[in-house]
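Enquirer: Let me begin by handing over the structure; questions about it come next.
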Amino acid sequence: MISIAIRRFGTGNYDSIKEASGFSTAVSTGSRDEFAKAAPPMPVTLLTDDERMIQDSVRKWANHDLKPLVREMEKNELISPSIIQELYTQGYMSLEIPEEYGGVGKE
């Protein structure tokens with residue numbers, strides 16, 4: 001709850017964060033530094049093991065297959081059709097589509 005309030009109001013608005021998070025009752029007399037220590041910001045995204053595996057796979061594919069073509073695609077202002085086809089072949093374009101509809105079925 002506190003990390004959501006920090007993201008919503010920013011770290012510069014201490015009183016709004018305390019009020020929105022209900023943290024004001026727990027740290028009613030604390031300083032801004034004490035509040036920051038008690039409520040460290042949480043990462044916006046925590047990846048699951050499957051998501052980390054997909055991230056690593058995409059990174060390897062991008063470094064191996066995509067990176068050598070980027071300069072030419074930027075120059076031509078056009079994405080190579082082979083890249084789009086490879087994204088589908090690897091399953092990256094259908095990660096969120098349920099398996100019963102031909103997708104990978106990941107969130």
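Enquirer: Local charge sum around E96 (other residues, Cβ-Cβ under 9 Å, Lys/Arg +1, Asp/Glu -1)? Can you show the working numbers first?
Expert: Working: positive: K106; negative: E107.
Counting the neighbours of E96, the net charge comes to 0.
Enquirer: I would also like to ask the following. Dipole of the range 38-100, Cα-centred, from +1 at each Lys and Arg C-beta and -1 at each Asp and Glu C-beta, to the nearest 20 debye?
Expert: Working: 6 positive and 12 negative charges, 84 e Å.
Value, rounded to 20: 400 debye.
Enquirer: Compute the signed sum of charges (Lys and Arg +1, Asp and Glu -1) over the other residues within less than 15 Å, Cβ to Cβ, of L78. Walk me through the numbers on the way to the answer.
Expert: Numbers: positive: R71, K75; negative: E72, E74, E77.
Charge balance in the 15 Å sphere: -1.
Enquirer: With a sphere of radius 14 Å drawn around the Cβ of R59, what net charge do the other residues whose Cβ falls strictly inside it have (Lys, Arg +1; Asp, Glu -1)?
Expert: Working: positive: R52, K60, K67; negative: E51, D56, D65.
Net local charge, R59 excluded: 0.
Enquirer: Work out, step by step, the length gained on full extension between I84 and T45: first 0.36 nm times the residue separation, then minus their alpha carbon distance; give nm to one decimal. Don't jump to the answer; show the numbers that get you there.
Expert: Numbers: separation 39, 0.36 × 39 = 14.04 nm, distance 2.66 nm.
Taking 0.36 nm per residue and subtracting the Cα distance, the gain is 11.4 nm.
Enquirer: Where a ≥ b ≥ c are the square roots of the eigenvalues of the C-alpha gyration tensor, would you call the range 50-107 rounded, which needs a/c under 1.5, or, failing that, prolate if a/b is larger than b/c, or oblate?
Expert: Working: a/c = 3.32, a/b = 1.73, b/c = 1.92.
It is oblate, given that a/c is not under 1.5 and a/b is not larger than b/c.
A short reminder: the numbers here are calculations on the coordinates, not readings from a lab. For clarity, every value in this text was computed on a predicted model and none was experimentally measured. Glycine also receives a Cβ, built like all others from the backbone with ideal geometry; neighbour counts cover every protein chain displayed.
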